[in-house]
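The values are calculated or read from the model by the stated rules, or taken from the named source; none is laboratory data. Just so it is clear, the structure is predicted and the values come from calculations on it, not from any experiment. Methodologically, a virtual Cβ is constructed for each residue, glycine included, from the backbone with ideal geometry; neighbour enumeration extends over all protein chains shown. The area values use the complete protein model at the heavy-atom level, side chains included, leaving out ligands, DNA and RNA. Shrake-Rupley method; radii C 1.70, N 1.55, O 1.52, S 1.80 Å.
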Amino acid sequence: MGRIRGSFATGVLVIAALASGTPLSGQGLVGHEASPVAPTTILGFADVNYVETERKVDEGFVLGQLAGHVTSGLTERLTFFGEVSATARPDEYRIEVERLILRYDFNDQFKLSGGRYHTPVSYWNTAFHHGLWLQTSVSRPEMIKFGSRVLPVHFTGLLAEGGFPLTTLGLGYAGGIGNGRGDEIARGGDAGDTNQNRALLATVYSRPASIFGLQAGGALYVDKAPAEGGFDVDEQIYSAHLALTRERPEILAEYARIRHEPDGGGETTDTDAWYLQAAYRLPLPVDAFKPYARIERISVDDDDPLFEPFGLDYKGFLVGVRYDFASLAALKLEYRDERFADVDEREKSLWAQVSFTFGEH
Amino acid sequence: MARGALRRVAVLGAIALATALGARESQAQNAAIAIVTNSRTTANDLSFLELRKIFLGEKQFWDDNSRIILLVRAPVARERDVVLTKIYRMGEAEFQQYWIAKVFRAEVSSKPKIVYSSDMTSELVTVLPGAIGFLPVDEVGPGMKVLRINGKLPGETGYPLQ
């Protein structure tokens, strides 16, 4: 199997190099080292969890996700990105194509791609994807958790993006058109849009050169989404984020307002969702430890035509510590105090997670 | 007597050779780090900000719209330590995580090409259009271009990678 995969990768590189007219060897160097085409790179992420909780859900050991990511240059400017996950369910493993993107890079300012994305309406959604080892905490914020109905996690369509890295503000942008939410609003319309109205999105961000690790930005998302009652709802999402990704400290904050109005007229409702997470890597000799905390809220209007049937209100607080016991593996211990819409009282949980990455680093 | 003189000459010769080699090694250890590119690259002078954006993978194309191919020396080389400290401002673990995240987010097509010797850097810079790497200045060979950084060449006062 490994030989087949290796042969396939070599074959792709040879074809790509021939297609671009670039020599594969020069002065004794062979293979992808002497090629301007991006080599095929495979990354993997996985996690195993243990949970004790007051919630009425299964406890004990929980196998998380196994996520695989491949990047492969087809020519010097054309690149394929893919991400596939396997998630344990009570009766099966669910295999999901999380991202499938073919992108052509014209220059730094303009890159055009098509496929399935994590919707760039949330910072967390595009910064960590399914790589739990990359994120400090055990899980994603409730507003953008896997399977979230609050924000559309996936987007299938076309995306133009680029940046102006040498400007003082380090500005970047993305704009897209795609299928938006599916009949089940937690899922994207992968097999076609559920209505004749395509979703539109635009996002801008700044990475100022003067403050390393800082990103601030906002996004706008417009769609017509299918409600449980069989009618469509006009949806507008406004979001903003601030991320300081240095280890001392790490601060992540996001806010989103989701505005709904029944198609053809009716009451306009607003849902607000936000989180604030802070972490700090301890100094030597205990720099393998990073304590963290997060507070988050989701407030749904009682008359919201799209969200009301699902009970999405949420209040949560968590504290934890991440221990990087190896350069590519971490143990996280987390205490959560949460209140969900379907119960009247707060519920407490303890989580332990081992997450790691593997592949060609 | 003759044998004793011969032994003294041999010892003195060995000491002189060791001193010379030590001086050369010390010179190499203190040499400035030169930023080198393929000779066809149009750039001659980069600001330090521009250099940093290139090494962070945020600027991926030269001004003539050819793709930048970044070469980074494998761990334990002194020049890698200088580049990580002065350009990236990261430790080894942070550097590794930075590129894993960058590739995973599809912000770059690939991580930097890892090179294992100065000879490999020289060969790849020579053969790959758009390539940029770094070498101790006394190991820069023919067929490549040394870039000015903030208008300064290696060895000049104010050069940022001394």
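In the condition set (1) open to solvent by less than 60 Å² (accessible area, probe 1.4 Å); (2) more than 24 Å from A:GLU76 (Cβ to Cβ); (3) at pLDDT 95 or above, B:ASP45 is compliant with all but (1). Inclusion of A:GLY170 among residues that are surrounded by fewer than 23 Cβ atoms within 10 Å (Cβ to Cβ), within 14 Å of another protein chain (Cβ to nearest Cβ) and under 20 Å from A:SER113 (Cα atoms) is not warranted. When we screen A:LEU166, A:LEU112, A:LEU159, A:LEU100 for residues that are modelled with pLDDT under 95 and either touching a strand residue (DSSP E or B) at 6+ places or on another chain (Cβ under 8 Å) or of a type outside the set (Phe, Trp, Tyr) (or both), the only hit is A:LEU166.
Checking each residue in the range B:49-61 for being more than 10 Å from chain A (Cβ to nearest Cβ) and open to solvent by 10 Å² or more (accessible area, probe 1.4 Å) picks out no residue at all.
Residues considered: B:VAL83, B:VAL72. Of these, the only one that is assigned by TED's automatic domain parsing to the domain that holds B:ASN38, in a helix (DSSP H, G or I) and either open to solvent by less than 20 Å² (accessible area, probe 1.4 Å) or modelled with pLDDT of 95 or more (or both) is B:VAL83.
Evaluated against (1) touching a Leu at 6+ places or on another chain (Cβ under 8 Å); (2) modelled with pLDDT of 95 or more, A:GLU360 falls short on exactly one condition, (2).
Here is a yes/no grid of residues against (1) under 29 Å from A:ARG246 (Cα atoms); (2) buried (at least 19 other Cβ atoms within 10 Å of the Cβ); (3) more than 8 Å from chain B (Cβ to nearest Cβ):
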{"residue": "A:LEU63", "(1), (2), (3)": "no, no, yes"}
{"residue": "A:ALA67", "(1), (2), (3)": "yes, yes, yes"}
{"residue": "A:ASP91", "(1), (2), (3)": "no, no, yes"}
{"residue": "A:GLU98", "(1), (2), (3)": "yes, yes, yes"}
{"residue": "A:ILE101", "(1), (2), (3)": "yes, no, no"}
{"residue": "A:SER113", "(1), (2), (3)": "no, yes, yes"}
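From the list A:HIS118, A:HIS130, A:HIS154, the lone residue that is within 23 Å of A:ALA88 (Cα to Cα), buried (at least 20 other Cβ atoms within 10 Å of the Cβ), touching a Gly at 6+ places or on another chain (Cβ under 6 Å) and in the same structural domain as A:PRO309 (by TED's automatic domain parsing) is A:HIS154. Of the residues B:ARG89, B:ARG78, B:ARG67, the single one that is on the phi < 0 side of the Ramachandran plot and at the interface with chain A (Cβ under 7 Å from one of its Cβ atoms) is B:ARG67. Looking across the range A:212-231, the residues that are buried (at least 19 other Cβ atoms within 10 Å of the Cβ) and under 30 Å from B:ILE87 (Cβ atoms) come down to A:GLN215, A:GLY217. In the range A:285-304, the residues that are exposed (fewer than 14 other Cβ atoms within 10 Å of the Cβ) form Cβ pairs under 7 Å with partners that are among the polar types (S, T, N, Q), at six or more places apart or across chains, as follows: A:SER299/A:THR271; A:ASP303/A:THR269. Restricted to strands (runs of 3 or more DSSP E) entirely inside the range B:108-162, those with at least 3 residues that are assigned by TED's automatic domain parsing to the domain that holds B:GLN97, touching a helix residue (DSSP H, G or I) at 6+ places or on another chain (Cβ under 6 Å) and surrounded by 21 or more Cβ atoms within 10 Å (Cβ to Cβ) are B:131-136. Condition check: touching a residue at least 12 places away in the same chain (Cβ under 8 Å), outside any strand (DSSP E or B), within 14 Å of chain B (Cβ to nearest Cβ) and more than 12 Å from the chain's Cα centre (by Cα). Does A:TRP133 satisfy that? So A:TRP133 passes the test.
Residue-wise test of (1) within 12 Å of another protein chain (Cβ to nearest Cβ); (2) among the β-branched types (Val, Ile, Thr).
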site	(1), (2)
B:SER110	yes, no
B:ILE114	yes, yes
B:SER117	yes, no
B:PRO136	no, no
B:GLU156	no, no
B:TYR159	no, no
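In the range A:189-208, of all residues being under 17 Å from A:ILE258 (Cβ atoms) and open to solvent by 10 Å² or more (accessible area, probe 1.4 Å), the one that is modelled with the lowest pLDDT corresponds to A:ASN197.
Just one of the numbered conditions (1) buried (at least 19 other Cβ atoms within 10 Å of the Cβ); (2) among the small types (Gly, Ala, Ser); (3) away from chain B (no Cβ under 14 Å) is not true of A:ALA86: (1). Of the candidates A:GLY175, A:GLY163, A:GLY157, the single residue that is outside any loop (DSSP other than H, G, I, E, B) and more than 25 Å from A:ASP223 (Cα to Cα) is A:GLY163. Across the range A:237-274, the number of residues qualifying as over 15 Å from A:PRO141 (Cβ atoms), free of Cβ contacts under 8 Å to residues at least 24 places away in the same chain and not β-branched (Val, Ile, Thr) comes to 3. Sub-6 Å Cβ pairs linking a first residue in the range A:79-98 that is in a strand (DSSP E or B) to a second residue that is surrounded by fewer than 14 Cβ atoms within 10 Å (Cβ to Cβ) and among the basic types (Lys, Arg), at least 6 apart or interchain, are A:THR87/A:ARG94, ordered by first then second residue.
Across the range A:310-340, which residue is farthest from A:THR40 (Cα to Cα) among those that are among the aliphatic types (A, V, I, L, M) and open to solvent by 50 Å² or more (accessible area, probe 1.4 Å)? That would be A:VAL319.
The set of residues from the range A:341-361 being of a type in the set (D, E, K, R) and loosely packed, with under 15 Cβ neighbours inside 10 Å comprises A:ASP342, A:ASP344, A:GLU345, A:ARG346, A:LYS348, A:GLU360.
Within the range B:92-101, being facing chain A (nearest Cβ under 9 Å) and of a type outside the set (S, T, N, Q) holds for B:GLU92, B:ALA93, B:GLU94, B:TRP99, B:ILE100, B:ALA101.
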